[in-house]
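I have placed the structure first, in the form of structure tokens, so that the comments after it can refer back to it.
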Amino acid sequence: MKKITTFVFIIITGTVFSQYNRHVAANFTGAYGILEKDVNGDGNMDILAAGESGNTVAYFINDGNGNFTQTVIDNNLTGARFIDGADFDADGDMDFVATGSSELVWYRNDNGTFVKTVIESGLNDPRQVRLYDVGTIFDPSPDGDMDIGVLISGENYATVYLNDGNNNFSRLNLFSVNTPYYLHGGDFDADGSPDFLVSSHGNNEILWYKVGSLGLILGGTIASNFNGAYGVEGGDIDLDGDDDVIGAAFVDNEVAWFENVNGDGSLFNKHTIDNNLPGASYVHWLDIDTDGDKDIVATGYGDASGNNSQVAIYYNDGNQNFTKTVIDNTILGAVALSVQDFDGDGAYDIAVAGSVSNEIVLLTYDSNDIALNEKDNLSVYPNPAHDILHISPADNVQQIEIYDITGRQVFTTGQTDIDVSKFDKGYYLVKAILKNRTTVTKKIWLSN
């Protein structure tokens with residue numbers, strides 16, 4: 001079942017847009033769902049991938065310089081679409097969960113040999129899969145067991161498979177929605193409890209749900225007539241203290257953001273950013289140019305054959321006026337994306353799954369103009385740390401982000417002296433975003 005191959009970036013000449021270079025990380029048949037994770041705990045972000053037409057589930061280990069080694073987990077998951085990873089059995093290595101066209105499957109990692117367990121078969125079009133501890137949703141005290149969230153598009157349900165602590169799973173339908181395609185989080189009513197954001201591809205809507213006395217209930221409709229609603233994300237786009245929404249409409253070729261007008265989720269105003277992104281699919285917001293405001297990265301699948309696809313960055317001028325820059329138009333059937341510093345040069349790169357061109361592509365920022373001396377001089381200390389973590393020199397730093405070893409962001413601040421006394425013991429990644437667009441990532445141990 002396990003096959004190991006080494007892939008090295010191949011630079012394709014003549015495909016450079018706005019300081020981004022096109023690199024093929026891997027040839028991967030039917031590349032569809034990708035996700036970044038630090039699989040081996042070395043501080044470098046690796047890639048998990050599912051190949052729909054190749055029926056393949058795999059991960060790719062990053063050597064820190066953008067060279068990837070592939071390990072195939074399974075080459076017999078029909079219609080493999082989405083994948084996520086976590087250490088289910090607490091044995092120190094990462095296990096994996098994936099969806100096929102009709103199955104939800106768990107792969108237990110036994111020192112590199114993968115034991116496949118079908119959690120449920122006969123599902124109708126399961127899509128996005130994400131791992132989280134449901135205790136963090138319904139109860140502020142997690143129960144310590146990793147549960148599995150799945151959108152089952154053909155059954156019109158957002159579903160969670162609850163873990164009993166021994167990796168036996170029972171299904172609970174969270175809420176019903178017509179043809180759900182993508183799920184994300186946020187706090188849209190500002191009540192301090194997590195809410196859920198979901199795209200209804202079938203009803204051309206974006207909806208949000210909140211925790212009620214009897215479970216999850218509809219909080220409101222964010223968008224209607226958003227034809228082919230696909231990727232969505234929640235976050236504070238206009239930096240006014242409440243969570244807004246960004247979304248992609250596949251049929252309308254549209255990217256838009258939805259302003260949370262009253263801050264309580266009762267009214268959202270739509271602002272169209274672009275209506276010419278062919279087959280608009282996935283969106284992700286972040287400050288990619290590190291100028292203090294939130295930009296958007298998006299993929300457009302293209303036409304039915306995957307032609308005319310685009311990967312675009314929408315740069316925010318600080319007043320939510322977005323300027324579109326197409327950084328690639330050669331990835332056929334561009335779908336899922338991931339934004340990280342994959343090659344260790346301190347700048348954000350963009351990984352994209354090309355489902356028609358059968359490849360995983362990295363669009364790497366040309367760092368020739370980055371002040372590497374500032375990057376090399378940055379210090380994060382003490383390491384190990386117990387109470388106060390210092391980042392120096394402070395005047396070069398714009399923002400600090402702290403991630404746990406799975407790649408989940410757990411803290412962000414503009415301060416350079418950080419109280420880490422309440423963090424759980426373990427390894428963390430500290431990402432410093434400098435004022436010259438450089439990012440520096442350091443691995444630390446918190447000994448609490």
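For the reader, a short list of remarks on this structure follows.
- Most mobile listed residue (D289, D38, D419) in the chain, GNM with C-alpha springs under 10 Å: D419
- Once the 1.4 Å probe is applied to the protein heavy atoms, the chain comes out at 39 Å² accessible per residue.
- In this view, the solvent-accessible surface of R171, computed with a 1.4 Å probe and all protein chains in place, comes to about 80 Å².
- Mean separation of Cα contacts under 8 Å, 6 or more apart, over the residue count of the range 107-225: relative contact order %: 15 percent
- Based on DSSP H segments of at least four residues, each scored -39500 (n - 2.57), the chain has a per-residue ellipticity at 222 nm of -500 deg cm²/dmol.
- Three-way shape label, the range 107-232, alpha-carbon gyration tensor, a/c 1.5: oblate
- Those residues of the range 264-297 whose amide nitrogen sits under 16 Å from the label point placed on N321, 7 Å along Cα→Cβ: 272-274, 293-294
- Put simply, the amide H of N358, placed in the peptide plane, has neighbours under 5 Å in G30, A31, leaving out anything fewer than 5 places away on its chain.
- For Q128, distant residues with modelled amide H under 5 Å away: L151
- Backbone HN-Hα couplings from phi across the range 119-134 [Karplus 6.51/-1.76/1.60, Hz, Gly and Pro as x]: 6, 7, 10, x, 6, 9, 6, x, 10, 3, 10, 9, 9, 6, 8, 4
- For the chain, the fraction of 1.4 Å probe accessible surface lying on carbon and sulfur atoms is 44 percent.
- Sequence of F322, F250, F82 when ordered by accessible area, the most exposed leading, probe 1.4 angstrom: F250, F322, F82
- Percentage relative contact order, the chain, counting C-alpha pairs under 8 Å, at least six apart: 11 percent
- Relative contact order (percent, whole number), the range 157-214, Cα cutoff 8 Å, 6+ residue spacing: 24 percent
- Label zone at R171 (point 7 Å along Cα-to-Cβ), backbone N below 19 Å, the range 111-127: 117-127
- With θ taken as phi - 60° and the Karplus curve 6.51 cos²θ - 1.76 cosθ + 1.60 applied, the whole-hertz 3J(HN,Hα) list for the range 345-350 is 9, x, 10, 5, 10, 10 Hz, x standing for glycine and proline.
- Shape call, the range 165-247: gyration tensor on alpha carbons, a/c limit 1.5: oblate
- Correct choice for log10 I(q)/I(0) by the Debye sum over Cα atoms at q = 0.07 Å⁻¹ that was computed from the model, options (1) -0.32; (2) -0.39; (3) -0.51: (1)
- Per-residue surface analysis assigns L35 an accessible area of about 20 Å², computed on protein heavy atoms at 1.4 Å probe radius.
- What the phi angles of the range 32-48 give under the Karplus curve with 6.51, -1.76 and 1.60, with θ = phi - 60°, is a coupling list of 10, x, 10, 7, 8, 8, 8, 5, 9, x, 9, x, 9, 7, 9, 10, 9 Hz, glycine and proline written as x.
- Probe 1.4 Å - accessible area at K425, Å² to nearest ten: 130 Å²
- Net length gained if the chain between T412 and N448 were fully extended (0.36 nm per residue, minus Cα distance): 11.0 nm
- For S309, the amide hydrogen comes within under 5 Å of the amide hydrogens of D303, G333, counting only partners 5 or more places away or on other chains and with H modelled in the peptide plane.
The values are calculated or read from the model by the stated rules, or taken from the named source; none is laboratory data. These numbers were taken from a predicted model, which means no experiment stands behind them. When we count neighbours, we look across all protein chains shown, and the Cβ atoms used for this are built from the backbone with ideal geometry, even at glycine. For accessibility, only protein heavy atoms count, side chains too; no ligands or nucleic acids. Shrake-Rupley method; radii C 1.70, N 1.55, O 1.52, S 1.80 Å.
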